[in-house]
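Let me begin by presenting the structure, written as structure tokens, before commenting on it.
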Amino acid sequence: MLLDAGCEVRGDGYIQQVDVRVKAATEDDWYTEYLDAIIAARVVDDVEGAIAHIGKYGSAHTESIVTENKVTAERFLNAVDSAIVLHNASTQFADGGEFGMGAEIGISTDKFHARGPVGVEQLTSYKYMVRGSGQVRP
């Protein structure tokens, strides 16, 4: 569906077998946050493989898992070192307004947020865990 909608899909060997229009992903693709209609997809063996992939290539900002297995979901939510982790909910909810913090006036893609003098309180980092049942943001 993404390909038919005009999205460029880059993938590993397994993903390339799904559709001949999928381009081969490179190592750089796993590190890249695209600001365009491009996605890079990789198939991993299990949740541990997903956690390892995210640990190496992720931004530590927002990650999501879609699964009906609650044990797997909890393992993912607890093990992924990101500011926001979601289970069965869209990453589009990673927004200050959606979290009830008011309108966004800036966006940080880092986990460390402190500026100026730093004390113990400023060294505190938050991790938001969102549990959904398939919600998407309109």
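Can you tell me how much longer the chain between ARG21 and VAL71 gets when fully stretched, taken as 0.36 nm per residue apart minus their C-alpha distance, in nm with one decimal?
14.5 nm
Taking the Cβ of VAL44 as the center, what net charge do the other residues with Cβ under 14 Å away carry, scoring Lys and Arg +1 and Asp and Glu -1?
-2
Which residue fluctuates the most in the chain, going by a Gaussian network model with Cα springs under 10 Å, if the choices are GLY97, GLY55, GLY11?
GLY97
Which one is right for this structure if volume of the Cα convex hull per residue in Å³ is calculated from it: (1) 141; (2) 108; (3) 151?
(3)
What's the longest uninterrupted piece of the chain once you rule out the chymotrypsin sites (Phe, Trp or Tyr not before Pro) that are loop residues per DSSP with at most 12 other Cβ within 10 Å?
With a cap of 12 other Cβ atoms within 10 Å, the longest stretch comes to 35-111.
Net charge around SER133, counting only other residues with Cβ within less than 13 Å of its Cβ (Lys, Arg = +1; Asp, Glu = -1)?
Summing Lys/Arg as +1 and Asp/Glu as -1 gives +1.
By how many degrees, 0 to 90 and rounded to 10, does the Cα axis of helix 70-79 deviate from the longest principal axis of the chain?
60
Around GLN92, under 9 Å between beta carbons, what's the net of Lys plus Arg minus Asp minus Glu among the other residues?
Computed value for this residue: -1.
Just the number, please: carbon plus sulfur as a percent of the accessible area of the chain, 1.4 Å probe, no ligands or DNA/RNA counted.
Roughly 53 percent, rounded to a whole number.
For segment 1-72, what does the alpha-carbon gyration tensor say about shape, rounded, prolate or oblate, given a ≥ b ≥ c as the root eigenvalues, a/c under 1.5 as rounded, and a/b over b/c as prolate?
It comes out prolate by the Cα gyration axes.
Send over a whole-number figure in Å² for the accessible area per residue of the chain, probe 1.4 Å.
For the chain, the solvent-accessible area averages 69 Å² per residue.
For the chain, what does -39500 (n - 2.57) per DSSP helix run (n ≥ 4), summed and divided by total residues, give at 222 nm, in deg cm²/dmol to the nearest 500?
It comes out at -6000 deg cm²/dmol, rounded to the nearest 500.
Once you charge only the Cβ atoms, +1 for Lys and Arg and -1 for Asp and Glu, what is the size of the charge dipole of segment 1-49 about its Cα centre, to the nearest 20 debye?
Result for segment 1-49 is approximately 240 debye, rounded to the nearest 20.
Mind checking segment 10-84 for GluC sites (Glu not before Pro) that DSSP puts in a loop (not H, G, I, E or B) and that have at most 16 other Cβ atoms within 10 Å?
When the GluC sites (Glu not before Pro) of segment 10-84 are filtered for loop state and at most 16 Cβ neighbours within 10 Å, GLU33, GLU68 remain.
Report the longest stretch of the chain that contains none of the trypsin sites (Lys or Arg not before Pro) sitting in a DSSP loop with at most 16 other Cβ atoms within 10 Å.
Within the chain, the longest run free of exposed trypsin sites (Lys or Arg not before Pro) spans 22-110.
Test of understanding: in a Gaussian network model of the chain with alpha carbons linked when under 10 Å, which of ASP46, ASP12, ASP29 would top the mean-square fluctuation ranking?
ASP46
The values are calculated or read from the model by the stated rules, or taken from the named source; none is laboratory data. From a predicted model like this one, the values you see are computed outputs, not experimental measurements. As a convention, Cβ positions derive from the backbone with ideal geometry for all residues, glycine included, and neighbour counts pool all protein chains shown. To get the accessible areas, we keep the full protein, side chains included, count just its heavy atoms, and leave off ligands, DNA and RNA. Shrake-Rupley method; radii C 1.70, N 1.55, O 1.52, S 1.80 Å.
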